[in-house]
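To start, the structure under review is shown below, and the notes come after it.
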Amino acid sequence: MEADSKPKKSGARLCCVCNQNRAALKRPKTLEQICRECFYAVFEEEIHQVILENQLFKPGERIAIGASGGKDSTVLAYVLSELNRRHNYGLDLFLLSVDEGITGYRDDSLETVKRNELQYGLPLKIVSYKDLYGWTMDEIVKMIGLKNNCTFCGVFRRQALDRGAALLKVDKVATGHNADDIAETVLLNILRGDIASFNSEFINIRFSLRLMLGCQNLNKFSTYAYFKKLDYFSTECIYSPNAYRGFAREFIKDLERIRPRAILDIIKSGEDFRISTTTKMPEQGTCERCGYISSQKWCKACVLLEGLNRGLPKLGIGRNQGLNSDGKKDRKRDSRTPSIESKQCGSLEF
Ligand code: SF4
């Protein structure tokens, strides 16, 4: 029996929900005192309600859970598999991991995902950069150094996740991110002038799933994972300078200290962002080389890969640079491809 399920001792605060157990934490939303068991129940029920209200799933659907071994994706895998059983969603759930080929980081975190596969009884598919692109991140960093490594990694990860989803023949991909991550991404998109990422037609089910789960649960993923003693990996990537996102994170934390609602407000701004109908947006097509979605002849991953393979990795770097199918520089920007790095960096990027 846990400490907080013992009868109240003199002076100990009682849970505001069950009024029996000792309170273990404050609910972020209401600041009420709550015990662990009631926290689990409230957290899981909130996610269940979000799923129902937004009709996120249909019976019989195949759902891949982006699994990095980090806290958020582990909580998502655990809770979704629990809710699927408890409420008979009728979903076929899978774990989908991307192996970037980062020795001392991803190899270790994938061991966690392999344990999760057994613990939660969810089949695991791992797609690797080496298999998809012929390069590991270790090899890429050896060539390019630590300056633009996250740009390569973010672009490759997005495509790897989609390719893994296609291999698994899933209907949707669920990724676990918390509200902080989403607010950072909204802010980064603004700071970079990456308006294409705000265009609603580019917001796919992955985004809405993580948005809804993340926003509704604020940053309770950490508390849930910690109290539940879930098996997750918490080391940062060894190549994670990623300074730009770090500044955005610090800025948001400062804002939150002054105004606690700042994170939710930033996310709402991102949701409500609309692009003028007179703004020319890139037209969606497919990459001539690999068939992946792209607004240019070549998708961003193929451009970056061409640079690597030709020993000219900077060819694909930068806001306005790319390569045409004849291998020449193309000054038009592929704004369809989001230049979003992963957070640092346990999780899968959208
Ligand atoms: Fe890739 Fe994230 Fe590491 Fe950057 S920090 S290299 S995006 S895993």
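Summary table below
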item: Two-site label geometry, PHE273 and ILE293: point separation in nm, points 7 Å out along Cα→Cβ; result: 1.6
item: Those trypsin sites (Lys or Arg not before Pro) in the range 106-151 that DSSP places in a loop and that have at most 15 other beta carbons within 10 Å; result: LYS147
item: Cβ-derived FRET efficiency at R0 56 Å, GLU32 paired with THR103, nearest 0.05; result: 0.75
item: Aspartates and glutamates whose Cα lies under 12 Å from that of LYS58, excluding same-chain neighbours fewer than 8 positions away; result: ASP92, ASP171
item: Footprinting exposure proxy for ASP254, ASP194, ASP72 (fewest neighbouring C-beta atoms within 10 Å first); result: ASP254, ASP194, ASP72
item: SER81, SER234 arranged by Cβ crowding within 10 Å, fewest neighbours leading; result: SER234, SER81
item: Residues ARG85, ARG22, sorted so that the one with the fewest Cβ neighbours within 10 Å comes first; result: ARG85, ARG22
item: Given LYS280/LYS300; LYS172/LYS268; LYS114/LYS314; LYS114/LYS229; LYS114/LYS147, the pairs whose alpha carbons are separated by over 25 Å; result: LYS114/LYS314; LYS114/LYS147
item: Hits among aspartates and glutamates - C-alpha to C-alpha of LYS142 under 15 Å, sequence gap 8 or more where chains match; result: GLU100
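Coordinate-derived values only; no laboratory data. Because the structure is a prediction, the values reported are computed rather than measured. When we count neighbours, we look across all protein chains shown, and the Cβ atoms used for this are built from the backbone with ideal geometry, even at glycine.
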